[in-house]
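Asks: I have a structure I would like to understand better, so I am pasting it below and will then ask my questions one at a time.
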Amino acid sequence: MEMYLSTEMCWGMVSLLTFSLLHLGEKLAYVLCTDNLPVLREMLQDEKGSDRTSSSCSLLKTYALRLKPGDEITSSMQSFIEANQLEAAFVLTCVGSVTEMTLRMADSVTIKRYNGPFEIVSLVGTVSAGGHLHGSFSDKEGVVIGGHVVGGMKVYTTAEVVIGECSGYTFTREPCGMSGYNELVVNKK
C-alpha cells in the first residue's frame with residue numbers, strides 16, 4: 001500500500017519531531033531554515049524572551065580528519081579548530097575506536113573512566129567555545145555505554161572525524177539560570 005502525504009501533513013510531522021527533540025534531556029534544538037513554523041521560533045525563546053535562533057541559514061563548511069592510534073580525540077579536534085579559526089564548529093560524524101575514555105553520567109556528578117577497546121558508535125556535539133560532546137561506545141560484547149565526554153578518548157585503530165562549521169555564526173557560552181551551566185549561545189557574524 002502506498003501512502004501520500006500532503007505538504008501540511010509533512011510540516012506537521014516535522015513540527016512534532018522538532019517539538020519532541022526540543023524536550024530531550026539535553027534540550028536539543030534543531031533549527032529549521034524556514035519561517036513557516038512560528039511555533040518553533042516561540043519555543044526557542046530563552047527565559048528573557050530573547051530569540052536563541054537566527055532568522056536565516058548559515059553556509060555549512062566541512063572538514064575531514066583522520067586521527068591515528070594514540071591520538072587524543074577531543075584535544076586533536078580543539079587543536080584543529082583553533083589552527084583553522086573555526087568559530088562555530090560541531091561534529092557531523094565520527095567513527096573509529098578508542099582504548100580509553102572518560103565520561104560524565106546523566107546525574108552531572110558521576111565521572112567514570114573506561115579502558116577498552118571500544119568502538120565509537122556515536123560522537124556528537126559542539127567543538128567551538130570549549131565544546132560540549134556526548135558519545136556512545138560499544139565494548140567487545142556489543143554492550144553500549146555513553147555519556148558526556150570529559151576527555152581522555154585515546155584512539156585505538158583510527159578515528160575518522162568530519163567537522164562542520166556554520167560559517168555565518170560564532171559560538172560562545174554563557175551562564176544559564178535554568179540549567180546552572182554555561183550553555184551555548186549562537187551569535188550571528
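Asks: Checking Ile120 against (1) touching a Cys at 6+ places or on another chain (Cβ under 9 Å); (2) closer than 24 Å to Asn84 by Cα; (3) assigned by TED's automatic domain parsing to the domain that holds Met77; (4) aliphatic (A, V, I, L, M), which single condition isn't satisfied?
Replies: Here Ile120 clears every test but (2).
Asks: A further question on this structure: Any idea which of Thr99, Thr93 is closer than 23 Å to Ala64 by Cβ and in contact with a Lys or Arg (Cβ under 8 Å, 6 or more places away or on another chain)?
Replies: Details: Thr93 fails: in contact with a Lys or Arg (Cβ under 8 Å, 6 or more places away or on another chain).
The unique qualifying residue is Thr99.
The rows are residues; the columns are (1) of a type in the set (Gly, Ala, Ser); (2) surrounded by fewer than 17 Cβ atoms within 10 Å (Cβ to Cβ).
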residue	(1), (2)
Thr110	no, yes
Ser122	yes, yes
Thr126	no, no
Gly130	yes, yes
Lys140	no, yes
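Asks: Can I ask one more? From the residues in the range 91-108 that are among the polar types (S, T, N, Q) and surrounded by fewer than 17 Cβ atoms within 10 Å (Cβ to Cβ), which one is farthest from Ser76 (Cα to Cα)?
Replies: Here is the first cut: in the range 91-108, the ones among the polar types (S, T, N, Q) are 93, 97, 99, 102, 108.
With surrounded by fewer than 17 Cβ atoms within 10 Å (Cβ to Cβ) added as a condition, the list becomes 93, 102, 108.
Values: Thr93: 15, Thr102: 16, Ser108: 25 Å.
This residue is Ser108.
Asks: Would you be able to say whether some residue in the range 144-164 is crowded, with 16+ Cβ neighbours inside 10 Å, touching a residue at least 12 places away in the same chain (Cβ under 8 Å) and acidic (Asp, Glu)?
Replies: Checking the range 144-164: not a single residue is crowded, with 16+ Cβ neighbours inside 10 Å, touching a residue at least 12 places away in the same chain (Cβ under 8 Å) and acidic (Asp, Glu).
The values are calculated or read from the model by the stated rules, or taken from the named source; none is laboratory data. All figures in this text were calculated on a predicted structure; none of them were measured in a lab. Neighbour counts run over all protein chains shown; Cβ positions are idealised from the backbone, glycine included.
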